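The values are calculated or read from the model by the stated rules, or taken from the named source; none is laboratory data. None of the values given here were measured: they were computed from a predicted structure. So basically every Cβ, Gly included, is an ideal-geometry build from the backbone, and we count neighbours across all protein chains shown.
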Amino acid sequence: MDQGGSESRREERVTINKEFESYDAFLAEYVTNISRTGAFVRAKTPLPIGTKVNLRFTVIMDDIETIEGVGEVVRVHDDPPGMGVVFTELSSYSKGLIDKLLTLTPKKSG
């Protein structure tokens, strides 16, 4: 059962880390899409809504870059299993990386 809703999503998001789908059996969690305000984290065991999480994940741009911050779980999904996380704290550097990523990555349709 999905908890929370997508109605509050206003920011454009892009798909990232698509290549990790074939590693689902080996990875506990990874970010699959991102926007300026949050991300969807694929997770075998999603955390409850309201849980504060420390985020640290890498993205491949010109170089491998690390985005770090703090977020809060606002949605939980069963299929695909995971959770929507809204960013509550991001450094200026991480915000800049996300802006660049959103500019460079083709947008998800639909």
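Consider the range 24-35 and keep the residues that are closer than 14 Å to P81 by Cα and loosely packed, with under 15 Cβ neighbours inside 10 Å. The one that is modelled with the highest pLDDT is A28. Looking only at residues in the range 36-48 that are more than 17 Å from P80 (Cβ to Cβ) and either touching a residue at least 40 places away in the same chain (Cβ under 8 Å) or among the polar types (S, T, N, Q) (or both), which one is surrounded by the fewest Cβ atoms within 10 Å (Cβ to Cβ)? Out of the qualifying residues, it is R36. Scan the range 74-90 for residues that are of a type in the set (A, V, I, L, M) and either without any contact (Cβ under 8 Å) to a residue 40 or more places away in the chain or not in a strand (DSSP E or B) (or both) and the total you get is 1. Checked against (1) more than 13 Å from the chain's Cα centre (by Cα); (2) free of Cβ contacts under 8 Å to residues at least 24 places away in the same chain; (3) surrounded by fewer than 14 Cβ atoms within 10 Å (Cβ to Cβ), T51 meets all criteria but (3). From the set of residues in the range 54-80 that are out of contact with any strand residue (DSSP E or B) (no Cβ under 8 Å at 6 or more places or on another chain) and farther than 25 Å from T103 by Cβ, which is surrounded by the most Cβ atoms within 10 Å (Cβ to Cβ)? The selected residue is D78. The one condition from (1) touching a strand residue (DSSP E or B) at 6+ places or on another chain (Cβ under 9 Å); (2) surrounded by fewer than 17 Cβ atoms within 10 Å (Cβ to Cβ) that M83 does not meet is (2).
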